[in-house]
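Each value in this text was obtained by applying a stated rule to the coordinates, not by laboratory testing. Because the structure is predicted, anything quoted here is derived from the model rather than measured. Glycine gets a Cβ as well: all are built from the backbone with ideal geometry, and neighbour counts include every protein chain shown.
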Amino acid sequence: MSTTIPRALLDIRYSEAAREYLASLPPEHHMEATPQATQREISVESFALLRLRRPEVHYFNELLVQYPLGDSGEEGLVVPDNMIVLHDGPLRADSNYALEIQPARPFLVLEYVSKSSKRKDYEGSFHKYERELGVPYYLLFYPETQDLSLFRLSENGYASVKPNDAGRLAIPELDLEVALSEGWARYWYRGELLELPATLQRTIDRQAEELRLAREQIRQARDQVRVADEKARQAQEQARQADEKTRQADEKIRQADEKIRQAQEREVGERQQKEKLLAQLRALGVEPTV
């Protein structure tokens, strides 16, 4: 789309393109796991508090981003779970965020990935944010595996941000830090945790308790497996000792049988020797007395 077209007409065209794109998505794209929905709500509430302190922060939830792909005339499309745009002044973005008519590009994009219900091509999104849109920060969170990563754009592409002394991932331009807390990605502004509404906090606390109970059940199950393994080891050791005792008893029996066999052989030898001597005496005409 060209900027020579009046903005109002561009707005209409982008809105129509957005509706067509959303209508084309398969049903599974609109489905998400509960952890993803909870994390998105946490981020939205936190960004609302951030905006009170930093009015230039504009945040969006699952908004289609449209942008031209060079001079090809083709259009790039991507839908981040959450997005922050920095702009001193109002922004209007209803069904889509068209870079061609917006005053600022995305500054931070966030995506929450569920390996069990993968809805998006996250590898493709990574390339779009890095190469096509040049988004300065990209936050990626796997709630199921508790894997949180922040990438910052450099000359060579995205580079992983290392935790600071507080163990958090920092975005200095926003005075913002992000880290895991009780299983969720939480946000700190100038070192202070951005609090959440009571209803959401209760939900988080409940889910944290459920997670704690699940981990406790896993720990107990592991303990039971460990005890069962120890009992099995002891049973195997007892069986080994019993086998060894049986082997030793068999060896004693074998030795006793061998002694009996040797004694019988000696007895047979002695009897044969005695019979031979008797025969010799009889041959000499001597009748031996028995």
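Given the stretch 148-290, report the % of alpha carbon pairs whose separation exceeds 28 Å. Can you show the working numbers first?
Numbers: 6763 of 10153 pairs.
In whole percent, the share of Cα-Cα pairs in the stretch 148-290 beyond 28 Å is 67.
Put a dot 7 Å past the Cα of residue 180, heading toward its Cβ, do the same for residue 44, and the two dots end up 2.5 nm apart.
Sparsely packed loop sites in the stretch 104-211 (the GluC sites (Glu not before Pro) outside DSSP H, G, I, E and B with at most 16 other Cβ atoms within 10 Å) comprise 144, 155, 182, 195. Comparing 178, 224, 236 along the charge dipole axis of the stretch 166-290, the residue lying farthest to the positive side is 236, per the Cβ-charge model.
Of the peptides 264-272, 145-153, the ranking by mean beta-carbon count within 10 Å, highest at the top, reads 145-153, 264-272. Backbone phi angles across the stretch 148-162, fed through the Karplus curve with coefficients 6.51, -1.76 and 1.60 (θ = phi - 60°), yield HN-Hα couplings of 10, 9, 10, 10, 10, 6, 10, 4, 9, x, 5, 10, 5, 7, 8 Hz in residue order; Gly and Pro are listed as x.
Which of 58, 87 comes first, and how do the rest follow, when ranked by fewest Cβ neighbours within 10 Å?
Details: 58 20, 87 15.
By the 10 Å Cβ count, ascending, the order reads 87, 58.
Sequence-ordered 3J(HN,Hα) estimates for the stretch 83-97 from the Karplus curve with 6.51, -1.76 and 1.60 and θ = phi - 60° stand at 8, 10, 10, 9, 7, 7, x, x, 10, 10, 8, 8, 8, 7, 10 Hz, glycine and proline given as x.
For residue 78, the residues whose modelled amide H falls within less than 5 Å of its own, excluding neighbours fewer than 5 places apart on the same chain, are 65.
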